[in-house]
Amino acid sequence: MNPITLPIAELKPALAGLGKVINPRATLPVLHHVKVERTADGWIALTGTDLDRFVTMRLEHPAEGPPMAALIPYDQLVQVTKNCGKDERIHIEPGCIKFALADSLGEQKVKNIPVEEFPVTPRIKTEAIALPPELRRSIHEAMECASVDATRYVLNGTFIDTSNPKANYVVGTDGRHLYSANSFTLPLKNSVIIPNHKFLGWKEFNADGEWQMKVDDKAVQLSSRRWRFVSKQIDGNYPNWRQTIPNPDDARTHIMLDPAKLETLIKLIQRMPCHDAEKFQTIGLECKEGQLLLLGKDNGNEPWTRVPVLDAKAEGPEALIFLSRRFLIKALDYGLTTISIIDQIAPLRFHNKGRQMIVMPLRPDGASTPPSANPQPAPVNMPPSRPVSPPAPPPKPMITNPTSEGPTPASNDQKTPAEEAIDMTLLIRDKLNDGFNLLRDLSVKLKTINRDQKASAREMQSVRSTLRSIQGLKI
């Protein structure tokens, strides 16, 4: 039998990519395996799946030999690969892995599962669509803005909106901020939601040449020179995201940032004091006398510290607005250099050419009154009063869907019964979200405790075995 030969130099990155889709906790044993096959043309490919997604990697060069396929446990492949040098090769046959062992070949047996049990990779027969680098960048940015909440599954992907055939949009939102980019025209008949997955952001996949996309009614495929990712589409109707976009003509205040100074500005934002780092990560933007000021404070009872941004220009009436610094940093990292403000409670719009991000504002400390208007500004090079910790996990949604309005500050006037009822529903929703967060944290801690207990049990077993062997010694 002519085995399938796999160079270690190519196998290691292949296993790293396949590991992003193989689920070690899958209940079906076949899903813990890698399908290794050699086609009639001699091309060698490795495939992994979790049933919903399939990742395939093709080796650089074809090999001689008849068509052949085998299922090899992923963990065994990883272990054998770790013990081999990068210039070595391993050989795959049904039921075993062969590798160099001194001057001969070692052999490791594997459980022989019929290849027919491995799920069939969907084949999409439509024409491939080339995705230029700018479009691929927009897809990645939209993925970073999409929801990860399993209860809002339709938002767990990147939406390619083709409702306007002359200007397609790439959209991602989690209900608290929304990203969109246009200036693309793809030969797609229908809009598509690409499920977000960590493999799509993997460095090796993104460095493997131009992306191409295939789409049919059920699945979507993204491929590079040697890699192919196939996934089921997300079923459902994407919300009407355009309703959340404020009218650009309504913006009265505009902040223009220097593209060359964005990295410096991001570092300054990260150094600003933050009184609610565990929840909202609030930071303020104030436009006054043509200058942009950043607002932050260490504690909720302290006055706001104002730090001027010397490389920014503000046009229009004076404005003051608060938002999460996590979204502010993300918008700057995307190169969105213009900030348009309508008022203190309307969504902010970060934009640059055809790309934009819409962010819901926050209220300072949940209060209705703005901070004092006359504190002394601090110079830019003045260090903050304490180091700021890394950005905390994002707060739970402030809005129940991407088309709803954000929270508004409380009014000093007497609230109507309907307004009081609305406030009560928002309070109940926040309590439920906090409960879900606590359950998630508890689950993570229990998993950690369980893992530590298993490790301790293994160590104790090892100690007992050693003691038994010592007891059996005769002096």
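Each reported figure results from applying straightforward, stated rules to the coordinates on display, with no laboratory input. No experiment lies behind these values; they were computed from the predicted model shown. Reconstructed Cβ throughout: ideal geometry from the backbone, glycine too, with neighbour counts over all protein chains shown.
Quick look at the numbers
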read-out	value
Residues R464, R25 arranged by fewest to most Cβ contacts within 10 Å	R25, R464
Cross-link partners of K232 among lysines (Cα-Cα below 26 Å; sequence separation of 8 or more within a chain)	K20, K35, K125, K189, K198, K203, K214, K218
Cut-off under 5 Å, modelled amide H: who pairs with L186 long-range	N168
Burial order of peptide ranges 328-335, 43-50 (average beta-carbon count within 10 Å, highest first)	43-50, 328-335
Gain on full stretching of the segment that runs from D298 to R451 - 0.36 nm per residue minus C-alpha separation	51.4 nm
Partners for K431 among aspartates and glutamates (Cα-Cα distance below 14 Å; same-chain residues under 8 apart left out)	D423
Backbone HN-Hα couplings from phi across segment 47-52 [Karplus 6.51/-1.76/1.60, Hz, Gly and Pro as x]	10, x, 7, 10, 5, 8
Modelled FRET efficiency - R0 30 Å, E144 with S443, Cβ distances, 0.05 increments	0.80
Set of aspartates and glutamates with alpha-carbon distance to K288 below 17 Å, sequence-local pairs under 8 removed	D311, E315, E318, D343
Segment 172-267: relative contact order in percent, alpha carbon pairs under 8 Å with at least 6 residues between	17
Amide H partners (placed H, <5 Å) of V192, local residues excluded	I160, T162
Fully extended contour minus Cα-Cα distance, from R464 to K288, at 0.36 nm per residue	56.1 nm
Residues of segment 182-210 with amide N under 16 Å of the 7 Å Cα→Cβ point at D333	198, 201-203
Pairwise FRET efficiency - I345 versus A421, Cβ, R0 = 25 Å, nearest 0.05	0.80
Whole-percent pair-distance distribution, where bins are 10 Å wide, for the alpha carbons of segment 129-242	14, 51, 32, 3
Phi to ³J(HN,Hα) by Karplus 6.51 cos²θ - 1.76 cosθ + 1.60 over segment 248-259, Hz, x for Gly, Pro	x, 6, 7, 5, 9, 10, 10, 10, 10, 10, 7, x
Derived scalar couplings ³J(HN,Hα) [segment 180-194; Karplus, 6.51 cos²θ - 1.76 cosθ + 1.60; whole Hz; x for Gly, Pro]	8, 9, 10, 6, 10, 9, 10, x, 10, 7, 10, 5, 9, 10, 7
